[in-house]
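The values are calculated or read from the model by the stated rules, or taken from the named source; none is laboratory data. Predicted model, so just to flag it, every value in this text is computed and none were measured. Ideal geometry is used to build each Cβ from the backbone, glycine not excepted, and the neighbour counts take in all protein chains shown.
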Amino acid sequence: MNYIEYFDSIAGEWDEIRKKYFDDDIRNIAIERSNIKNKGGLIVADIGTGSGFMALELSKYAREVVGIDVSDEMLKYAKQTAENAGINNIIFLKGSMEQIPIIDDSIDVVFSNMVLHHVENPFKGIMEIHRILKPGGMLIITDVMKHSSEWARFEMYDRWLGFNLEDIEKWLIHSNFKEILVKETGLYATAKSSKGEIAKTGIFIAKGIKE
């Protein structure tokens, strides 16, 4: 099983799994940092949308939301959830962070929540986000900090065991983002292995502006 098959297999359960892993506070912090509540008519993207945790909330404030995910089953679940809620300003597309199916210079704000540690080449993913942002557009990444729980690689299909904040800042600089902010949120992600091992890892937020 690869990580796409893994997320396909848990799509219907992901919302419950996610609640044990991290809570809604991280979404609230990301949205507040973006300031989209005070800006009308924005087009935003949610890269690695999963079951729509971020996209559904963003739809309250944005003119249009584009939700991207590699998992067909996650996309199917997210679409159904949006439909059931009567939300009609989200477009869901299949794609990865490293190959985003969105044209250049077209998005006002890009969010990526708890996705980067699943990406084979995070730097390439960040450069792709820079590509699709409009000049003056904003990137918001929330993800886990460096940890040592190796079991996450094969039980949760994590490619990276979190990140050093210095690496995130370096990738943003090298992707030509400006006004960069990378810091701890004070929140934690908590996961348990099949053997009962607990991983409690800090969550960071990163912001950058495309000139």
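Of the numbered conditions (1) surrounded by fewer than 22 Cβ atoms within 10 Å (Cβ to Cβ); (2) touching a strand residue (DSSP E or B) at 6+ places or on another chain (Cβ under 7 Å), SER194 fails exactly one; give the number of that condition.
SER194 satisfies all of (1) surrounded by fewer than 22 Cβ atoms within 10 Å (Cβ to Cβ); (2) touching a strand residue (DSSP E or B) at 6+ places or on another chain (Cβ under 7 Å) except (2).
Could you run through region 92-105 and say how many residues are in contact (Cβ under 8 Å) with a residue 40 or more places away in the chain and either surrounded by fewer than 16 Cβ atoms within 10 Å (Cβ to Cβ) or more than 22 Å from LEU181 (Cα to Cα) (or both)?
So the count comes out to 3.
Which ones in region 32-52 are outside any helix (DSSP H, G or I), buried (at least 21 other Cβ atoms within 10 Å of the Cβ) and polar (S, T, N, Q)?
Matches in region 32-52: THR49, SER51.
For the list (1) at pLDDT 95 or above; (2) part of a loop (DSSP other than H, G, I, E, B), I need the number of the one condition that TYR157 fails.
Here TYR157 clears every test but (1).
Do we have any residue at all in region 171-178 that's surrounded by 18 or more Cβ atoms within 10 Å (Cβ to Cβ), within 24 Å of PHE53 (Cα to Cα) and in contact with a Leu (Cβ under 7 Å, 6 or more places away or on another chain)?
No, that holds for no residue.
Do any residues in region 145-166 that are more than 23 Å from SER9 (Cα to Cα) have Cβ atoms under 7 Å from those of residues that are part of a loop (DSSP other than H, G, I, E, B) and of a type in the set (S, T, N, Q), where the two are at least six apart or on different chains, and which pairs are they?
LYS146/ASN164
Does GLU5 satisfy the criteria of being in a helix (DSSP H, G or I), out of contact with any His (no Cβ under 8 Å at 6 or more places or on another chain), under 23 Å from ILE205 (Cα atoms) and not small (Gly, Ala, Ser)?
no
Please specify each residue of region 106-125 satisfying the condition of being buried (at least 24 other Cβ atoms within 10 Å of the Cβ) and either of a type in the set (Gly, Ala, Ser) or over 10 Å from the mean Cα position of the chain (by Cα) (or both).
ILE107, VAL109, SER112, GLY125
Across region 175-211, what is the number of residues that are acidic (Asp, Glu), over 12 Å from THR142 (Cα atoms) and out of contact with any helix residue (DSSP H, G or I) (no Cβ under 7 Å at 6 or more places or on another chain)?
The number of residues fulfilling the criteria is 2.
Identify, by number, the condition in (1) at pLDDT 95 or above; (2) part of a helix (DSSP H, G or I); (3) within 20 Å of VAL119 (Cβ to Cβ); (4) hydrophobic (A, V, I, L, M, F, W, C) that ILE29 doesn't meet.
Of (1) at pLDDT 95 or above; (2) part of a helix (DSSP H, G or I); (3) within 20 Å of VAL119 (Cβ to Cβ); (4) hydrophobic (A, V, I, L, M, F, W, C), only one is false for ILE29: (3).
If you check every pair at least six apart or on different chains, which have Cβ atoms under 8 Å apart with a residue in region 1-25 that is farther than 19 Å from TYR188 by Cβ first and a residue that is among the β-branched types (Val, Ile, Thr) and part of a helix (DSSP H, G or I) second?
From region 1-25, the pairs are ILE10/ILE17.
Looking only at region 126-152, count every residue that is charged (D, E, K, R), surrounded by fewer than 19 Cβ atoms within 10 Å (Cβ to Cβ) and over 23 Å from TYR6 (Cα atoms) and tell me the total.
Number of matching residues: 2.
Out of the residues in region 10-26 that are under 17 Å from HIS118 (Cβ atoms) and surrounded by 13 or more Cβ atoms within 10 Å (Cβ to Cβ), state the one that is nearest to the chain's Cα centre (by Cα).
The residue in question is ILE26.
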